[in-house]
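Below is one structure, written out as structure tokens; comments come after it.
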Amino acid sequence: MGIIHAWIHKKLETKIKIKIVRTHDLKEVIFRIIIKNGGIPRCFIYDIINDMEKEGLIKRLDHTKYQILKSNEKRLKKFM
């Protein structure tokens with residue numbers, strides 16, 4: 001699992017209290033996380049979502065919804 005994906009997943013779990021989220025809201029939260037910390041262009045949001053789906057961090061329910069899954073990896077240290 002990529003460090004960036006795991007870190008974004010941890011932020012998603014803390015910022016979104018419900019487990020099923022609309023695609024628009026998921027993209028908005030990821031965009032805010034990326035812009036706040038810089039370093040990743042916003043055009044990679046779709047790639048990040050696809051990678052997180054392949055790694056089993058999120059699951060696509062239908063065209064408009066994703067489910068945030070629990071991670072079995074070790075907990076990350078608090079970065080900030």
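If you go through the stretch 31-53 and pick out every residue that is among the charged types (D, E, K, R), surrounded by 14 or more Cβ atoms within 10 Å (Cβ to Cβ) and either more than 13 Å from Ile3 (Cβ to Cβ) or within 9 Å of the chain's Cα centre (by Cα) (or both), you end up with 1. The requirement of being surrounded by 13 or more Cβ atoms within 10 Å (Cβ to Cβ), out of contact with any His (no Cβ under 7 Å at 6 or more places or on another chain) and assigned to a strand (DSSP E or B) is fulfilled somewhere in the stretch 9-28, by at least one residue. Considering the stretch 43-80, and only residues there that are among the aromatic types (Phe, Trp, Tyr) and either at pLDDT 85 or above or not in a loop (DSSP other than H, G, I, E, B) (or both), the residue that is nearest to Lys17 (Cα to Cα) turns out to be Tyr66.
Enumerate the pairs (first residue in the stretch 58-74 and among the acidic types (Asp, Glu); second residue anywhere and modelled with pLDDT under 90 and surrounded by 12 or more Cβ atoms within 10 Å (Cβ to Cβ)) with beta-carbon separation below 7 Å, excluding pairs fewer than 6 apart on the same chain, so at least 6 apart or on different chains. These pairs meet every condition: Glu73/Met1; Glu73/Ala6.
Close contacts from the stretch 13-40, counting a first residue that is more than 17 Å from His63 (Cβ to Cβ) and a second that is basic (Lys, Arg), with Cβ to Cβ under 8 Å and a gap of 6+ residues or different chains, come to Val29/Lys11; Val29/Lys15; Phe31/Arg42; Ile33/Lys11; Ile34/Arg42; Ile35/Arg42.
The values are calculated or read from the model by the stated rules, or taken from the named source; none is laboratory data. Model, not experiment: these values are computed from the prediction. A quick note on method: Cβ atoms are made from the backbone with ideal geometry, for glycine too, and the neighbour counts reach across all protein chains shown.
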